[in-house]
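Notes to accompany the following structure.
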Amino acid sequence: MSERHAYRCTMGATLLDPSRTLFRLWAPTCTEVSLLLEGYPDLPMHVAAGGYFECIAPVGAGARYRYRVGPDLIVPDPASRAQPDDVHGPSMVVDPRAFEWRSTQWNGRNWEQAVIYEVHVGIAGGFRALCDDLPRIAALGITAIELMPLSEFPGGRNWGYDGVLPYAPESSYGTVDDLKMLVDTAHRIGLMVFLDVVYNHFGPDGNYLAQYAAPMFHAGSHTAWGAAIDFRIPQVRTYFLDNALYWLMEYRFDGLRLDAVDAIPERDWLVELLVHVRACVEPGRRVHLMLENRNNDADLLRRGFDAQWNDDGHNVLHVLLTGEHEGYYGNFQAGTACELATVLRDGFVFHGQVEPVTGQPRGSPSGDLPATSFILFLQNHDQIGNRAFGERLDRLVDPRALLAAYALLLLSPQIPMLFMGEEWGSTRPFLFFTSHNAALGRIVRDGRRAELAAFSHFSDPAVRETIPDPNDPATFEASCLPKSDRQSARAQDRINLITHLLALRAKWIVPRLRDAHALDARAIGQAAVIARWRMNDGAVLTIMLNLGPHAQADMPPCADRLVYAHPPPDRGKGTPVVLSGYGVMVFMTGDGHG
């Protein structure tokens, strides 16, 4: 038994039958547009309402095409479903119903079951190689993989945030059907698949939109990464709404992570996206929407977004673990254990206060939200890769403190996320890499080095010259993760720890997690906290964590059930305990099991 899926987008090439395709382009800056099909004469396109041009051509799947939008300008389709020859080449007509889906009974998983594993598909070896690795990932206790952006980008090496064709899966990773096979296989072994999507800017190379669809962009307005997209324009809103539904309905992704939505001024579009997705997805199918949002806008979570990446939580833990305090870590210098308690109690640290680094207020109150509204992590692509040398925490942190932090990450009620390689304690870097043309590559290299000059370690120009060149293929190669790295005794110990903690999470936490809320949290030392949550069955989860070397004496008595402790407590049940240096204890009380 199989299924076939397609989503009809407003723009792009829509297969009407095996030998006819409708082509539709939004080009409001143009007075005329022609379709250029390989092997056919130019075909004039008709003007339609709203700045669209369209025509029907006698071609089917596999036909390659571009648009002539000016006397000297030929461009790929901005809604291309496949781009086999990179961002400047022709687009290709795709038959979305050619792929037969085998996971016909899959309806997703509940959000509280989510344990996320962030993956860069290129580092993983492409769609097919990642597909082969899924059983290993699932065996850890992971329930969802999250793919860094897949939109076609220039060349074959990129983080994905330089994408310029949001509907076309990156061709260097494999074919359209390879990606569908990855999602289908994941579903067949019980894994959700999330996709990171970028709706706040286009990359700099291969982006022709301003030349034939100028209203796509805010005149004179820019984000940190390029021209700001103008979501006041109905056709722009539709272009991105369609994109979200295309990935969810045609590729069957289980959710989307929306990158840096604080760079989208039209907040109402995010609410519109939420409403459209909830209305379009089939009844009974569970699809999840996640935000990256520096604004800490808790109301978006109340409106129905499932969760937000908890950067505040990461930053507090990073400062506690490493002692680093430059850049945005400067917002978390004072009373960090108190700030960690705030993270565990309220989710966000900044819920309206003025940030020391920027001098501006940030965030909104979040303490009423369930713990599952926050995605917590110790590492991710940004927090590793935006370091000059891409160091992972295993190169920066006392291993005893790091192991205690993993217990908090994987046993707290916030949704945990790991970054690829973290499960075996990889010490290989994850660097920032690109494959731009030579001129743009130099600009990116020099710009990155100039940005890092603000950090004391890189104030010397000679030191800055040692920062890896993103455009050098060796930078990408240094970030790759050989399978042999997983074979060492140290790697196996880390794998065993992660697997054990996730098994405990599945047994003790997940069944009680829906609508779990924090009761209280407080600092009990310079680097130690105690936090409690009311679970949905009335049980109380307590975590005592010490990320410092000094023991904390006379902690509250041991509770009914000890879920996890490292090292084991040195006093019996019902008596005060000593929380060792780099120690953690997790208890469950009132759980109804005697």
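Structure notes:
- Residues in the stretch 62-90 that are open to solvent by less than 30 Å² (accessible area, probe 1.4 Å) and either closer than 22 Å to ARG4 by Cβ or in a loop (DSSP other than H, G, I, E, B) (or both): ALA63, PRO76, ASP77, PRO78, ALA79, SER80, ARG81, ALA82, GLN83, VAL87, GLY89, PRO90.
- Identity of the residue in the stretch 539-554, in a loop (DSSP other than H, G, I, E, B) and touching a strand residue (DSSP E or B) at 6+ places or on another chain (Cβ under 6 Å), that ends up most open to solvent (accessible area, probe 1.4 Å): ALA551
- Residue, most open to solvent (accessible area, probe 1.4 Å), within the stretch 281-310, restricted to residues that are within 12 Å of the chain's Cα centre (by Cα) and not small (Gly, Ala, Ser): GLU292
- Selection from the stretch 464-495 of residues that are in a helix (DSSP H, G or I), open to solvent by 50 Å² or more (accessible area, probe 1.4 Å) and of a type in the set (Asp, Glu): GLU477, ASP493
- For PHE374, the conditions (1) touching an Asp or Glu at 6+ places or on another chain (Cβ under 6 Å); (2) at pLDDT 95 or above; (3) closer than 26 Å to GLY304 by Cα are fulfilled apart from (1).
- Contacts under 8 angstrom Cβ, first residue in the stretch 497-520 being in contact (Cβ under 8 Å) with a residue 12 or more places away in the chain, partner assigned to a helix (DSSP H, G or I) and surrounded by fewer than 17 Cβ atoms within 10 Å (Cβ to Cβ), 6 or more apart: THR499/ALA139
Okay, residues lined up against (1) open to solvent by 40 Å² or more (accessible area, probe 1.4 Å); (2) closer than 18 Å to PHE476 by Cβ:
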| site | (1), (2) |
| --- | --- |
| GLU423 | no, no |
| SER426 | no, yes |
| ALA438 | yes, yes |
| ARG442 | yes, yes |
| ARG445 | yes, yes |
| PHE455 | yes, no |
| PHE458 | no, no |
| ALA462 | yes, no |
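- Residue ID - nearest to VAL119 (Cα to Cα), chosen from residues in the stretch 378-392 that are part of a loop (DSSP other than H, G, I, E, B) and open to solvent by less than 20 Å² (accessible area, probe 1.4 Å): ASN380
- Looking across ARG68, ARG102, one residue alone is basic (Lys, Arg), within 24 Å of GLY163 (Cβ to Cβ) and modelled with pLDDT of 95 or more. It is ARG68.
- Here the condition is being touching a strand residue (DSSP E or B) at 6+ places or on another chain (Cβ under 8 Å) and not hydrophobic (A, V, I, L, M, F, W, C); of ASN296, ASN315, ASN331, it holds for ASN296 alone.
- Of all residues in the stretch 321-349 being at pLDDT 90 or above and β-branched (Val, Ile, Thr), the one that is nearest to LEU547 (Cα to Cα): THR322
- Wholly within the stretch 214-305, helices (runs of 4 or more DSSP H) carrying at least 3 residues that are within 22 Å of GLY163 (Cβ to Cβ): 234-245, 267-280
- Of all residue pairs spaced 6 or more apart or on separate chains, those with beta-carbon atoms under 6 Å, a first member in the stretch 167-182 that is within 11 Å of CYS131 (Cα to Cα) and a second member that is hydrophobic (A, V, I, L, M, F, W, C) and open to solvent by 20 Å² or more (accessible area, probe 1.4 Å) are LYS180/PHE99.
- Annotation: LEU248 fulfils all but one of (1) among the aliphatic types (A, V, I, L, M); (2) open to solvent by 10 Å² or more (accessible area, probe 1.4 Å); (3) within 20 Å of SER103 (Cα to Cα); the unmet one is (2).
- Test: ARG278 is among the basic types (Lys, Arg), open to solvent by less than 10 Å² (accessible area, probe 1.4 Å) and closer than 27 Å to VAL176 by Cα: no
- Neighbours by Cβ (under 6 Å, 6+ apart or cross-chain): first from the stretch 186-204, more than 23 Å from LEU440 (Cβ to Cβ); second open to solvent by 10 Å² or more (accessible area, probe 1.4 Å): HIS187/SER103; HIS187/TRP106; ARG188/SER103; ILE189/ALA138; LEU191/ALA138; MET192/ARG109
- Residue count for the stretch 496-538 satisfying the condition of being open to solvent by less than 30 Å² (accessible area, probe 1.4 Å), touching a Phe, Trp or Tyr at 6+ places or on another chain (Cβ under 7 Å) and over 26 Å from ALA551 (Cα atoms): 1.
- Restricting LEU36, LEU25 to residues that are aliphatic (A, V, I, L, M), in contact with a strand residue (DSSP E or B) (Cβ under 8 Å, 6 or more places away or on another chain) and open to solvent by 20 Å² or more (accessible area, probe 1.4 Å) narrows the list to LEU36.
- Exclusive hit being closer than 17 Å to PRO265 by Cα, out of contact with any Gly (no Cβ under 9 Å at 6 or more places or on another chain) and either surrounded by fewer than 21 Cβ atoms within 10 Å (Cβ to Cβ) or of a type in the set (S, T, N, Q) (or both), set ALA139, ALA219: ALA219
The values are calculated or read from the model by the stated rules, or taken from the named source; none is laboratory data. Values in this document were obtained by computation on a predicted structure and should not be read as measured data. Cβ coordinates were reconstructed from backbone atoms using ideal geometry, including for glycine residues, and neighbour counts include every protein chain displayed. SASA here: full protein model, heavy atoms, side chains in, ligands and nucleic acids out. Shrake-Rupley method; radii C 1.70, N 1.55, O 1.52, S 1.80 Å.
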